[in-house]
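The values are calculated or read from the model by the stated rules, or taken from the named source; none is laboratory data. Being a predicted model, the structure only gives us computed values, none of them experimental. Glycine gets a Cβ as well: all are built from the backbone with ideal geometry, and neighbour counts include every protein chain shown.
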There are 2 protein chains.
Amino acid sequence: MNIEMIMAAATRLAPVVRRTPLLSSPFLDEIAGRRVFVKAECLQHTGSFKFRGGWAAVSALEEAQRAGGVIAFSSGNHAQGVALAAQRHGIEAVIIMPHDAPELKISNTRAFGADVVLYDRLTEDRDKIGDEMAAARGLTLIKPFNEPQAIAGQGTVGLEIAEQAAFEGITNAEVIVCCGGGGLTSGIALALADKAPSMRVRPCEPMESDDVARSLRSGMIEVNATVANSICDAILTPSAGDITFEIMKNLCGSGLAVSDHDAMRAMAHAFRRLKIVLEPGGAVALAAALFQPEEISGDAVIVVATGGNVDPNVFARSLETLND
Amino acid sequence: MNIEMIMAAATRLAPVVRRTPLLSSPFLDEIAGRRVFVKAECLQHTGSFKFRGGWAAVSALEEAQRAGGVIAFSSGNHAQGVALAAQRHGIEAVIIMPHDAPELKISNTRAFGADVVLYDRLTEDRDKIGDEMAAARGLTLIKPFNEPQAIAGQGTVGLEIAEQAAFEGITNAEVIVCCGGGGLTSGIALALADKAPSMRVRPCEPMESDDVARSLRSGMIEVNATVANSICDAILTPSAGDITFEIMKNLCGSGLAVSDHDAMRAMAHAFRRLKIVLEPGGAVALAAALFQPEEISGDAVIVVATGGNVDPNVFARSLETLND
């Protein structure tokens, strides 16, 4: 894993990716007590940054291998990213999703032409299912995060942040990233280490699924005891991968963790102040910036708002927090 | 009014304006039966395109005149645009708003430092109030639409559309614009007549406030009999202005009109497919593209999503239309 792989991914992504805006609002700055910049990856194709890694991985395959089709397992955002990348490459995609994934994510993945297979995330092992189907049908497994090409694709967010922050006159800030398995966090950390080395990347997780924060403290990969009963479905992973953790251990600051309620409150603020739609797992970094300012240092903070694939009833509930 | 004024406004706006993205989704294309591109001005500072006209007008004043402060009347988006432009220029702003404007718009305008004066839009004449206060306090009136500098500022949306559409390979499309008094519509029409002359701009209004559509048919300025009881508060104006109508008459295609219910449905689709927040008056152009495809011609349509300043309960109600 190195910056050249991220730059190469950026070149392959250039004709298809959306360069998402870096948004801000004086009202958010006031709450946070410092300038807050929000990298709105919810506006990316498929509604999350995962399109970047999906495209980077699918486009990196040898043509003959790619023609055999791909398979992926995902709670929904990686699913859609790989499904759209496969559809645009004209190849088959099988996507293994938890049966309790948000309805929107399941139906979108199907609408992007993928063959969706549902499993039970409490009783079944998605890795095992994925490996077996890949072997049986000759499909290439596109892993969600612990995979160099996925990390390279997600790292292109970091290249854009470096450029956009420089345009805003920011060279020195903490960059808070919503973190599941660490693909995005490690990719951004690699990109910024090269392009904006005075930035410090910090992962942010749901409070009861804070394995990366604990791993960064202990220096070894910690595993969540159970899959947390959190609303932040996009980032509920048992643990980081060996590749992503190694990068985060070398490059990242300490982890942050927020409650589901604060994630919902951050969604409501993003609605009111930025006019963007965030899903709970895509709002935890903004929640940390707004509601844990004492955990953050510096005059400016950059948060990555990773996705917006949320069911309408959950979103409507988040808006009720504005009455708190 | 000419293209040079729009180019000059673009130069003054360049350091402060947000270049809003042109969004799309294959799901919206499928509904509309053609490619749909959405210029997301809800992501502009203050949550609507009105910041452009406000800045263009305030920045165009002679310094001595500007120092005396400005006054504006508005249901809320022009209010916020002028208030923020005045605040950033370090001058006083008095804003006259209808007492039934959305709470969010009133509180934001106050938060941008403006002195907000409320009036009753059914019984009082806002123009008269504005003129009297401007004269009494030595403030300069910043008109919302029938004013060359406002048109020039809004026209910068058209410059961006021309560039972004060219990047997408579109040179020939209808451009549907949410229309109140016609400042944005006429500004975009002027910009595109110069930069992308094979585009055709068409205003879109709420069904019971379709004075511009009727005016374009009759060739003279028609007036709405009453202020419509519509949820599209941002674009409920009695009639176009003489300056804006003259431009629209010369350059625009026929007008479109949509129901409040379709505006709400378009908001829900923008939530689900684009991850942006639209207010009802900012969603009518998208509603026409999605639900009146037979009224539109060509392989691609560009809609301007003009604003996102909507109260949470109205937005939550719009999401219920997804169950229709």
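Okay, here's what the table says:
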item	result
Scope segment B:165-207; condition under 15 Å from residue B:285 (Cα atoms) and surrounded by fewer than 24 Cβ atoms within 10 Å (Cβ to Cβ); matching residues	B:174, B:200, B:207
Single match in B:228, B:268, B:288, B:305 (criterion: more than 14 Å from chain A (Cβ to nearest Cβ) and at pLDDT 95 or above)	B:288
Yes/no for residue B:263 being closer than 21 Å to residue B:46 by Cβ and within 14 Å of another protein chain (Cβ to nearest Cβ)	no
Of all residues in segment A:54-66 being outside any loop (DSSP other than H, G, I, E, B) and surrounded by fewer than 24 Cβ atoms within 10 Å (Cβ to Cβ), the one that is nearest to the other protein chains (Cβ to nearest Cβ)	A:59
Residue selected from segment A:118-162 under the condition surrounded by fewer than 15 Cβ atoms within 10 Å (Cβ to Cβ) and in contact (Cβ under 8 Å) with a residue 12 or more places away in the chain, by the criterion farthest from residue B:26 (Cα to Cα)	A:122
Selected residue [more than 22 Å from residue B:173 (Cα to Cα) and crowded, with 17+ Cβ neighbours inside 10 Å] from B:302, B:221	B:221
Helices (runs of 4 or more DSSP H) (entirely within segment B:178-286) containing at least 2 residues that are touching a helix residue (DSSP H, G or I) at 6+ places or on another chain (Cβ under 9 Å) and small (Gly, Ala, Ser)	B:183-195, B:260-269
Selection from segment B:34-53 of residues that are crowded, with 24+ Cβ neighbours inside 10 Å, of a type in the set (D, E, K, R) and touching a strand residue (DSSP E or B) at 6+ places or on another chain (Cβ under 7 Å)	B:39, B:41
Where residue A:297 falls short, out of the listed (1) within 22 Å of residue A:208 (Cα to Cα); (2) among the hydroxyl-bearing types (Ser, Thr, Tyr); (3) not in a helix (DSSP H, G or I)	(1)
Members of segment A:310-324 found to be part of a helix (DSSP H, G or I) and of a type in the set (Val, Ile, Thr), listed by number	A:314, A:321
Residue B:253, sole failed condition from (1) under 16 Å from the mean Cα position of the chain (by Cα); (2) away from chain A (no Cβ under 14 Å)	(1)
Tally of residues being in contact with a Gly (Cβ under 9 Å, 6 or more places away or on another chain) and within 12 Å of chain B (Cβ to nearest Cβ) across segment A:7-16	0
Subset of segment A:17-53 (residues that are part of a helix (DSSP H, G or I), within 14 Å of chain B (Cβ to nearest Cβ) and touching a residue at least 40 places away in the same chain (Cβ under 8 Å))	A:27, A:28, A:31, A:41, A:42, A:43, A:46, A:47, A:50
Matching residues, segment B:245-272, being over 17 Å from residue B:306 (Cα atoms) and surrounded by 22 or more Cβ atoms within 10 Å (Cβ to Cβ)	B:245, B:247, B:248, B:252, B:272
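Okay, residues lined up against (1) in contact with a Gly (Cβ under 7 Å, 6 or more places away or on another chain); (2) touching a residue at least 40 places away in the same chain (Cβ under 8 Å):
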{"position": "B:58", "(1), (2)": "no, yes"}
{"position": "B:62", "(1), (2)": "no, no"}
{"position": "B:71", "(1), (2)": "yes, yes"}
{"position": "B:96", "(1), (2)": "yes, no"}
